[in-house]
Amino acid sequence: MDMEPSVSNVSLASEPTTKFIEFLRSFKDATGRVKYRERIRRMILLRQRSLIIDFPDLMAYDRSLATSLLESPSEYIPALDRAITEVVKLDDMEYASSVTFHARLRALPETVPLRELRAEHIGKLVMIEGILTRASPVRQLLTEAVYQIGDKEGYLRIESPLEQVVLPGPKKKVKLLLDRCKFIDWQKLTVQEKPEDLPPGQLPRSVDVIVTDDLVDKARPGDRVSVIGIVKVHQERPSSPASFSIYIEANNIEVSESGLEGVEITPEDEKKILELAKDPDIHKKIIRSIAPSIYGNEDIKEAIAYQLFGGVPKVYPDGVKVRGDIHILLIGDPGTAKSQLLKYVARLAPRGIYTSGKGSTAAGLTAAVVRDKTSGEFYLEAGALVLSDKGIACIDELDKMNPQDRVSMHEAMEQQTISIAKAGIVATLNARCAILAAANPRFGRYINERPFNENIDEKKLPPTILSRFDLIFVLKDIPDEKIDSALADHVLSLHSGRVEKIGDIIPPDLLRKYIAYAREHVHPKLSKEAVEKIKEFYLEMRSKAKGGLSPIPITPRQLESLIRLTEARARMALREIATAEDAEAAIRLMKVCLSKVGYDEETGKIDIDIIMVGRPRSHQERLATIMDIIKKLEEEYGGEPVSIEEIYREAELRDIPKEFVDKSLKYLMEEGEIYEPRPGYVKRTRS
């Protein structure tokens, strides 16, 4: 029998408060535990001020009371707050009298789409979901004002966070007694529609959310949030007295950490997903299902499949974080469907954003500090890489970006954070996203006769950004009768409406759910056999670099890429253990990339320096030799400028062709290592 003491002053409480007290004291969950009494005791123990209340529990206890709470939250939420205080008194009278408690509601019956907030919702309790794009600095809000008018004191309670405080009496004689006033923490957030909820061709809508007390600084720009609060209005401008704007006074705000955000997986979907994973050809089926209307490019589609599933991020004991996301760069001729692949992936990925390099700035990609028009305060606004946190950012026309804007991606690609230090705001935002980028070759088309480093413009795609991509693919448009005939048949059949050419694929909606489910629930680890395979390949490649003059074919960066690819392939089959077969597939894909991108024509060897440094080891050695020749000739001529003809002769003795000397001299001049004091002569800038 429950011998609990009676609640004090219940007779003074309103009827809703009495009902809420009974709910908090008596509601039992499925296991028979008195759920909220235990939560309240834990709240007291941890010295917290807020109690989380699951709305379905209240609905099950008293439907009429729950409906009244939704319809008249301004009356019923304070009653629920008072009920918590009364129940806390049963366990800790001292704590109950010194703290203001808050009821934080969770899981309302339905979510109102942000763009459907209307006048009918004003004064009601609603739940919205979106991305937090702005957050103001935390300020202190006056809630109870004590003021002095002459010799008399007055008291005023401020009900609304956006209410203008107007004190009575002649203003000259009114003095606020600040040390006796009461304040709470206050912050203004802006929540924007999620990209996947945005109707085509529409601008994203946003709404201001006011958070107070222990809800401030609970979420950061870029976080996906669920907000429960009361819809209220405030006057936009004094000049238009009849025009009001909607804002939400938050009761609770929850940050979503789930990769399933925006993807609803029903038990039937889960059954289909687990059934699909049993298919022995699941890898081939998924690869076939990626952009099936685009002909060929099997290796690229395989790489994109691995990217969609991703590797497993890790945090080492010393705090060092290693990303699990896979970055891919496509460089190729016009008309090779680069943009179509990117747009398809942005639609398929659970959190995918597509942007073009030409129309993107550093602030648009990372984060911007903007000034609010009304208050003049500076706000932090999240950019594309932050908004695609735990998803994929597809960046087209990467080579068309301004160099200073492209540099902003470096930190996001490796550390997976965005650091901002502007206008007094110093913050670090999460950008845990994979990047799929596309760029055009230096001369418009890829020239087969030239090595990879000469086919790209080093100023537009420097080694600092190339080296951060796990896989780089070259797409060439080479006439071939057999391939051209198959491509023509494929395209013509699609245009004729005969989609049977696409073959047996997984429907995009189901594949999207499959990817979201795998990323959320499957976290593979490497088996002993997989570790051996990767180690064997790595050591074999490294052994080719024995001797000081040999090119280095692979670095630890590629080793980490192989691990990510192996884990991603295991994830595709929903396996917790990555096998030797997964490692072999990852190694094959890495070899394909290295043979196309890291192959040095002169030495006939794979040289990773083409990506890491921007030129093969053989070129670096020759460049150093030419600098030595200039230094030696300068010393012979007593520090005078050196004739280029003399450099040609010396280089010829070392088997360096004239064309390479010309290229090297031009490069050294651009780098500021040498200059031309007069035509036909050069001199070092530093002796």
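So how much slack lies between I149 and S64, counting 0.36 nm per residue of separation and subtracting their Cα-Cα distance, in nm? Please list the in-between numbers first.
Working: separation 85, 0.36 × 85 = 30.60 nm, distance 4.67 nm.
Fully extending the segment from I149 to S64 adds 25.9 nm.
If the chain linking K476 and A427 were pulled fully straight, counting 0.36 nm for each residue of separation and taking away their Cα-Cα distance, it would gain 13.4 nm.
Pairs exceeding a 21 Å alpha-carbon distance, out of K188/K232; K314/K535; K194/K301; K194/K284; K285/K535; K271/K314: K194/K301; K194/K284; K285/K535; K271/K314. Taking 18 Å as the straight-line reach from the Cα of K459, the aspartates and glutamates in range (excluding those fewer than 8 positions away in the same chain) are D396, E397, D399, D405, D609, E670, E671, E673. GluC sites (Glu not before Pro), restricted to the range 365-471: which are DSSP loop and have at most 15 other Cβ atoms within 10 Å? Within the range 365-471, the qualifying GluC sites (Glu not before Pro) (loop, at most 15 other Cβ atoms within 10 Å) are E377, E449, E458. Within the same chain, lysines fewer than 8 places from K28 are excluded, and of the rest, those with a Cα less than 18 Å from its Cα are K19. For the range 617-684, the relative contact order is 35 percent, taking Cα pairs closer than 8 Å that sit 6 or more residues apart in sequence and dividing their mean separation by the residue count.
With a ≥ b ≥ c the root eigenvalues of the C-alpha gyration tensor of the range 220-355, is it rounded (a/c under 1.5), prolate (a/b larger than b/c) or oblate? Each step should come with its number before you reach the end.
Values: a/c = 2.11, a/b = 1.78, b/c = 1.19.
Since a/c reaches 1.5 and a/b is larger than b/c, the shape of the range 220-355 is classed as prolate.
For the pair D92 and R684, label points projected 7 Å from Cα toward Cβ lie 7.3 nm apart.
Assign unit charges at the C-beta atoms only (+1 for Lys and Arg, -1 for Asp and Glu), then state the dipole size of the range 10-106 relative to its Cα centre in Debye, rounded to the nearest 20. Intermediate results must be reported in sequence, preceding the final value.
Values: 16 positive and 14 negative charges, 81 e Å.
Taking the Cα centre of the range 10-106 as origin, the dipole is about 400 debye.
Cross-link partners of K658 among lysines, defined as those whose alpha carbon lies under 16 angstrom from its own and excluding same-chain residues fewer than eight positions apart: K666. Close amide-amide hydrogen proximity is noted between L475 and I331, G332, D333, each under 5 Å apart and 5 or more residues distant or on a separate chain (H modeled in the peptide plane; Pro and chain starts excluded).
Its relative contact order, with pairs defined as Cα atoms under 8 Å and 6+ residues apart, puts the range 267-599 at 23 percent.
Sort 674-684, 382-392 by the packing proxy (mean of other Cβ within 10 Å over each peptide's residues), most packed first. Intermediate values should be presented prior to the final figure.
Values: 674-684: 13.9, 382-392: 26.3.
Ranking, from highest mean packing down: 382-392, 674-684.
None of the figures in this text is laboratory data; all of them are computed from the coordinates on show. Small disclaimer: the values here were computed from a predicted structure and weren't measured. When we count neighbours, we look across all protein chains shown, and the Cβ atoms used for this are built from the backbone with ideal geometry, even at glycine.
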